[in-house]
1. Quick check on residue 90: is it under 18 Å from residue 13 (Cβ atoms), surrounded by 15 or more Cβ atoms within 10 Å (Cβ to Cβ) and free of Cβ contacts under 8 Å to residues at least 60 places away in the same chain?
2. Right, residue 113: surrounded by 13 or more Cβ atoms within 10 Å (Cβ to Cβ), in contact with a helix residue (DSSP H, G or I) (Cβ under 8 Å, 6 or more places away or on another chain), touching a residue at least 24 places away in the same chain (Cβ under 8 Å) and in a loop (DSSP other than H, G, I, E, B) or not?
3. Give me a count of the residues in segment 20-29 that are out of contact with any helix residue (DSSP H, G or I) (no Cβ under 7 Å at 6 or more places or on another chain) and open to solvent by less than 60 Å² (accessible area, probe 1.4 Å).
4. Does segment 9-19 contain any residue that is within 13 Å of residue 78 (Cβ to Cβ), open to solvent by less than 60 Å² (accessible area, probe 1.4 Å), touching a strand residue (DSSP E or B) at 6+ places or on another chain (Cβ under 9 Å) and not charged (D, E, K, R)?
5. What's the total number of residues in segment 31-69 that are over 12 Å from residue 89 (Cα atoms), open to solvent by less than 60 Å² (accessible area, probe 1.4 Å) and either of a type in the set (S, T, N, Q) or in a loop (DSSP other than H, G, I, E, B) (or both)?
Amino acid sequence: QVQLVESGGGVVQAGGSLRLSCAASRSIFSINTMGWYRQAPGKQRELVSDISSGGSTRYADSVKGRFTISRDNAKNTVYLQMNSLKPEDTAVYYCNFIIVSGNYWGQGTQVTVSS
């Protein structure tokens, strides 16, 4: 079984930055896609960004140009650098790993952006 441990959430003023990290609890031979999702109160969980094993990235339109995803395969870790944060970015952020044995989720980390 794989556990994902997230860190880096918190409270920040609009225009500020945060960096989220998500690491696997054990070494994983091959991780296909690593991603970040978010869920705001009363809304569905949505894809924020993901990165393939080959380094291809996708971003939600709402975060393009502000967020950057990256991965460190040696550390089984994915990062999300969030700049120019807006109040509408407030949500619980979840990391997601897709590997051969299944689809794994982190426990979520709260990001709150104050205006």
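The values are calculated or read from the model by the stated rules, or taken from the named source; none is laboratory data. What you are looking at is a predicted structure, and each value in this text was computed from that prediction instead of being measured. Note that each Cβ is placed from the backbone with ideal geometry, even for glycine, and that neighbours are counted across all protein chains shown. In case anyone asks, the SASA skips ligands and DNA or RNA and just uses the protein heavy atoms, side chains included. Shrake-Rupley method; radii C 1.70, N 1.55, O 1.52, S 1.80 Å.
1. Spelling it out, residue 90 is indeed under 18 Å from residue 13 (Cβ atoms), surrounded by 15 or more Cβ atoms within 10 Å (Cβ to Cβ) and free of Cβ contacts under 8 Å to residues at least 60 places away in the same chain.
2. Taking the combined requirement at face value, the residue does not satisfy it.
3. Residues in segment 20-29 being out of contact with any helix residue (DSSP H, G or I) (no Cβ under 7 Å at 6 or more places or on another chain) and open to solvent by less than 60 Å² (accessible area, probe 1.4 Å): 5 in total.
4. No, segment 9-19 contains no residue that is within 13 Å of residue 78 (Cβ to Cβ), open to solvent by less than 60 Å² (accessible area, probe 1.4 Å), touching a strand residue (DSSP E or B) at 6+ places or on another chain (Cβ under 9 Å) and not charged (D, E, K, R).
5. Of the residues in segment 31-69, 4 are over 12 Å from residue 89 (Cα atoms), open to solvent by less than 60 Å² (accessible area, probe 1.4 Å) and either of a type in the set (S, T, N, Q) or in a loop (DSSP other than H, G, I, E, B) (or both).
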